[in-house]
Amino acid sequence: MAFIRHISHSNLTDKELVSLYKETGDMTVLGELYQRYMELVYGVCLKYFKEPERSRDSVMAIFEELVTKLKKHEVENFRAWLHQLAKNHCLMQLRTPKNMKTVEFRAELVQSVENVHLNGVLEKEENFRKLENCLGSLATEQQESIRLFYLEGKSYNEIVDLTGMEWNQVRSLIQNGRRNLKICMDKAEKEAAGE
């Protein structure tokens with residue numbers, strides 16, 4: 001990376017350079033400190049942007065951020081703090097509107113809640129109508145047993161008491177009636193679909 005040159009010959013620690021910069025505001029001191037970690041910052045940027053040119057530009061932009069931010073923060077571990085600053089810079093750049101993908105919104109493809117609800121109600125009404133038609137096509141005893149069991153919620157024993165039929169007969173009428181209703185409903189569904 002030709003644009004990164006190590007010119008730091010200072011014997012001062014990172015912490016000492018941070019303190020010196022905060023006291024004096026000397027850009028040379030900040031430059032020496034930043035030179036130590038430019039490759040780290042470049043690597044972070046390259047990881048996020050995956051573009052060398054954009055990453056080099058960000059290395060310079062992060063230095064500009066550093067000029068003001070370092071004065072405002074208490075920094076114990078400059079390397080870790082700078083790494084986080086670089087990461088945050090990259091993430092913010094990736095979140096800017098120019099980087100966000102937009103998708104065309106087409107209102108005609110979206111169903112309103114009212115339409116969905118209305119469609120559901122209409123579908124239920126249609127199913128009830130089919131059910132009534134199919135129920136009417138059952139033999140009288142099957143029809144009566146199905147109505148008592150499913151629509152009125154009566155038990156087998158209650159139906160036996162109400163109709164005077166045998167328990168096994170009631171069970172058979174309900175099972176056969178349910179099967180016949182299903183056949184009739186499936187047939188009506190196919191006819192409605194035009195099959």
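If the requirement is being buried (at least 16 other Cβ atoms within 10 Å of the Cβ), among the charged types (D, E, K, R), under 46 Å from the mean Cα position of the chain (by Cα) and at pLDDT below 85, which of these qualifies: 124, 154, 130?
130
Table: residues versus (1) in contact (Cβ under 8 Å) with a residue 12 or more places away in the chain; (2) in a helix (DSSP H, G or I); (3) charged (D, E, K, R).
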{"position": "162", "(1), (2), (3)": "yes, yes, no"}
{"position": "165", "(1), (2), (3)": "yes, no, no"}
{"position": "179", "(1), (2), (3)": "no, yes, yes"}
{"position": "182", "(1), (2), (3)": "no, yes, yes"}
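Within the stretch 80-99, does at least one residue satisfy the condition of being of a type in the set (Phe, Trp, Tyr) and at pLDDT 95 or above?
yes
Return only the number of the condition from (1) under 24 Å from residue 11 (Cα atoms); (2) of a type in the set (Val, Ile, Thr); (3) surrounded by 15 or more Cβ atoms within 10 Å (Cβ to Cβ) that residue 44 does not satisfy.
Here residue 44 meets the rest and fails (1).
The values are calculated or read from the model by the stated rules, or taken from the named source; none is laboratory data. These numbers come from a predicted model, not from an experiment. Ideal geometry is used to build each Cβ from the backbone, glycine not excepted, and the neighbour counts take in all protein chains shown.
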